[in-house]
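Asker: Quick one: this structure, given as structure tokens, is what I'll be asking you about.
The values are calculated or read from the model by the stated rules, or taken from the named source; none is laboratory data. Small disclaimer: the values here were computed from a predicted structure and weren't measured. All Cβ positions, even for glycine, are placed from backbone atoms using ideal geometry, and neighbour counts span all protein chains on display.
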Amino acid sequence: MAMRQRAVDRQGKAARRGALLDAAERLFEADPTKAPSVAEVAGAAGVAKGTVYLYFASKECLMLALHERQVEAFFGALAEFLDREPLPRIDDVSERALAWLAAHPAFIALAAQVHRVRGQTAQAAVADMACTGGADLAAAAAKRLMRCAQAHDAANSRALLWQSLALVVGLAQLGRPQDVASGMRTLWRGFGAPGAPGEARASAAPAQGVHAGDAAW
């Protein structure tokens, strides 16, 4: 879809930025083995290549912004699910997280590429994500999660959500995305077990990611 008209106001610029991210997401989903070039994103969005650079300093910044948007969507979906009545069981929440990941298969591939290129471990990647817009959505989801696991406070509920993300990133970096489902279930089962310690099991996510080859940027 062509978007030749220049965005001039805040709303227009936000819409243009979102459209560029949409274009990058479509291209990456079509070929998750590599990030699309700036020229490819511009072509898919119907704008000049220079327009992309008005919103993103580099291809890496563009893909990082896309990943951050996906993280926000992930936590937002969990927060929405946790608003349901009657309250979902802990196991239901972890299954909802896995269902979301299954419906967005490019999420894992993008997470691995973004943080591999940045030379980050899974834990460092999550620490960075905690400083983005995803943090507010994770906090909202954590407050709702407390209703399902009354033995845990907000800090522990929030830790579980971020450890879930670290698990995904870490296993993706290890080249083991097929282990995400079993790892996620183990992590959440430990959190919901009667008499479980009052903290999420950090050991369930790899403490260090192994950089399995160079990402194709």
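Asker: Among the hydrophobic types (A, V, I, L, M, F, W, C), in a helix (DSSP H, G or I) and touching a Phe, Trp or Tyr at 6+ places or on another chain (Cβ under 8 Å): is that true of Ala77 in this structure?
Answerer: Against the criterion (among the hydrophobic types (A, V, I, L, M, F, W, C), in a helix (DSSP H, G or I) and touching a Phe, Trp or Tyr at 6+ places or on another chain (Cβ under 8 Å)), Ala77 qualifies.
Asker: Within the range 136-154, count every residue that is modelled with pLDDT of 85 or more and of a type in the set (Gly, Ala, Ser).
Answerer: Residues that pass the stated criteria total 5.
Asker: Are any residues in the range 18-36 modelled with pLDDT of 95 or more and crowded, with 16+ Cβ neighbours inside 10 Å, and if so, which ones?
Answerer: Hits for the range 18-36 are Ala19, Leu20, Leu21, Asp22, Ala23, Ala24, Glu25, Leu27, Phe28, Pro36.
Asker: Follow-up question, since we're still on this one. With touching a helix residue (DSSP H, G or I) at 6+ places or on another chain (Cβ under 9 Å), farther than 24 Å from Ser182 by Cα and in a helix (DSSP H, G or I) as the only criterion, which of Arg26, Arg96 stands out?
Answerer: Just one listed residue meets the conditions, Arg26.
Asker: In the range 63-92, which residues are under 20 Å from the mean Cα position of the chain (by Cα) and either of a type in the set (D, E, K, R) or not assigned by TED's automatic domain parsing to the domain that holds Gly190 (or both)?
Answerer: Glu68, Arg69, Glu72, Glu80, Asp92
Asker: With Arg147, Arg176 as the choices, which residue is out of contact with any helix residue (DSSP H, G or I) (no Cβ under 7 Å at 6 or more places or on another chain) and over 21 Å from Pro88 (Cα atoms)?
Answerer: The conditions single out Arg176.
Asker: So, one more: Can you run down the residue pairs with Cβ atoms below 6 Å, 6 or more apart or on separate chains, where the first is in the range 175-187 and more than 13 Å from Ile108 (Cα to Cα) and the partner is of a type in the set (Phe, Trp, Tyr) and part of a helix (DSSP H, G or I)?
Answerer: none
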